[in-house]
Amino acid sequence: EAIEKGGFEHFMLKEIFEQPRSVKDCFRGRVNADEGHLVLGGLREYLDDIAKSERIVIVACGTSWHAGLVAEYIFEELARIPVEVEYASEFRYRNPIIKEGDVVLAISQSGETMDTLAAIELAKSRGAIILGICNVVGSSIPRITHAGAYTHAGPEIGVASTKAFTAQVSVLTLMAIAVARKKGNLHEDTFRRFLFELERIPDKIEKVLKNADKVKEISELFKDARNFIYLGRGLNFPVALEGALKLKEISYIHAEGYPAAEMKHGPIALIDEDMPVVFIATRDQSYEKVVSNIQEVKARKGKVIAVVTEGDKLIPTMADHVVEIPVTHEVLMPLLSVIPLQLLSYYIAVMRGCNVDQPRNLAKSVTVE
Ligand code: AGP
């Protein structure tokens, strides 16, 4: 087992540090900026159907559902196709409105999640086109979908999903760009710029990982907290949800993810000097708004940990702790901003003496209802 962990103390840490490579593997043969090409072989035949579809319904659970929420923003922004993201377990039990030719996209690391499988069967019985994004080659979901794309993240052993999430977001981003292009929504220059930026993502992840010690120091200060709030807007909202899920799963600390603007509708009542609030506050169109949300938390003496874009001069003057990530296209930011959150949950869980790779009550794939 020590050999399999490749010198890391836990599989989860190994998998977090593997992300520059796993994202590169996911792009291999699919993205080539020099030649200006983007191919997703497994989906090629269905690209037309997706481009013509009136909506896309995504079904997934847990972290895969969060990847679906990221995809909702990207698809709607670039491809201008409405996306609905459904918990597979809810979808399958409420007589969903699915008609012949609708596109249903299932996302699953294991490819064995019972609720997701059942949701697919239901959508299939109503004539939908079923696409899948999975990590485990030859698992049940890829076998029952019409087409799909593998994430190629390699085996994920830690129960808390890390590299599978970034690989899912990577494939979904490629898919959204390919569909946007097919629809004629992307100018050639914008398309080329995306390819160029995508190829730089693995190095940028590597750079984020260089901040691991900084995240470890922050973890030491907050390891005894009883609650955490994670806030983000736009694409960073699903990242906030994912950060909170990671912390809950492996450290057993109660954590809530919220869209930052929703704070004033309730969660703000929770804020006092004992409440750590993690902001994903990268430079994007909602930056100024997030800055105001940080001020609101500080005015109530909350402790702010902020993930910011490199070179940010303002937020470091307000937040208690900051972790920088490199600049990239706004749409690609989740691939970087989630990494410090994975590390934060990992270090806190280790410091609390928790079984990081096999947290209590959880299984790697949930094959029961
Ligand atoms: C993530 O850290 C989880 N352990 C869990 O939420 C998982 O993402 C969910 O059960 C879905 O699994 P799948 O991707 O294999 O379908």
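Read the figures in this text as sums done on the coordinates, not as results from a lab. Just so it is clear, the structure is predicted and the values come from calculations on it, not from any experiment. Every residue, glycine as well, gets a Cβ built from its backbone with ideal geometry; the counts of neighbours run over all protein chains shown.
Residues of region 230-251 with an amide N closer than 11 Å to a point placed 7 Å from the Cα of residue 296 along the Cα-to-Cβ direction: none. Per-residue Karplus couplings for region 299-314, computed as 6.51 cos²θ - 1.76 cosθ + 1.60 with θ equal to phi - 60°, are listed in order as 4, 9, 6, x, 9, 9, 10, 10, 8, 10, 7, 2, x, 5, 9, 7 Hz, Gly and Pro entered as x. Each Lys or Arg adds one and each Asp or Glu subtracts one; over the other residues with Cβ under 14 Å from the Cβ of residue 62, this totals -4.
Under 13 Å of direct C-alpha separation, and excluding same-chain neighbours fewer than eight residues apart, residue 223 reaches these aspartates and glutamates: 274.
With both labels modelled 7 Å from their Cα along Cα-to-Cβ, the residue 55 to residue 80 distance reads 1.9 nm. Listed values for region 12-28 are Karplus-derived 3J(HN,Hα) couplings in whole Hz (6.51 cos²θ - 1.76 cosθ + 1.60, θ = phi - 60°), namely 4, 5, 4, 5, 5, 6, 7, 4, x, 6, 5, 5, 4, 4, 5, 7, 4, and x replaces Gly and Pro. For the pair residue 182 and residue 256, a Förster radius of 45 Å applied to the C-beta separation gives a FRET efficiency near 0.75, rounded to the nearest 0.05. Peptides 14-27, 107-120 ranked from most to least packed by the mean count of surrounding Cβ atoms within 10 Å: 107-120, 14-27. Stretching residue 196 away from residue 365 to a fully extended chain increases their span by 57.3 nm, per 0.36 nm per residue minus the current alpha-carbon distance. Across every pair of non-identical alpha carbons in the chain, the mean reciprocal distance, once inverted, gives a Kirkwood radius of 20.7 Å. Listed values for region 164-170 are Karplus-derived 3J(HN,Hα) couplings in whole Hz (6.51 cos²θ - 1.76 cosθ + 1.60, θ = phi - 60°), namely 5, 5, 5, 6, 5, 4, 4, and x replaces Gly and Pro.
Calculate the dipole size of region 229-315 relative to its Cα centre from +1 charges on Lys and Arg beta carbons and -1 charges on Asp and Glu beta carbons; express the result in debye to the nearest 20. Don't skip to the answer; put the middle values down first.
Working: 11 positive and 12 negative charges, 29 e Å.
About 140 debye.
Potential lengthening of the chain between residue 124 and residue 95 amounts to 9.1 nm, from the contour at 0.36 nm per residue minus the alpha-carbon distance. For the peptides 61-69, 83-91, 308-316, residues were scored by their other Cβ atoms within 10 Å and the scores averaged per peptide; the highest-first order is 61-69, 83-91, 308-316.
Sum -39500 (n - 2.57) across every DSSP H segment of at least 4 residues in the chain, then divide by the residue count to get the 222 nm mean residue ellipticity, nearest 500. Walk me through the numbers before you get to the answer.
On the way: 13 runs with 156 residues, N = 369.
Per the formula, -13000 deg cm²/dmol.
For the peptides 265-273, 245-253, the ranking by packing is 245-253, 265-273, with the highest mean count of neighbouring Cβ atoms within 10 Å listed first. Give the lysines whose C-alpha is closer than 20 Å to that of residue 163, dropping any in the same chain fewer than 8 places away, or say none. Straight-line reach from residue 163, under 20 Å: 5, 14, 24, 204, 207, 210, 216, 246, 248, 364. To the nearest ten degrees, helix 236-251 and the longest principal axis of the Cα atoms of the chain are 70 degrees apart.
In terms of overall dimensions, region 246-349 has a Cα radius of gyration and Dmax of 13.3, 35 angstrom.
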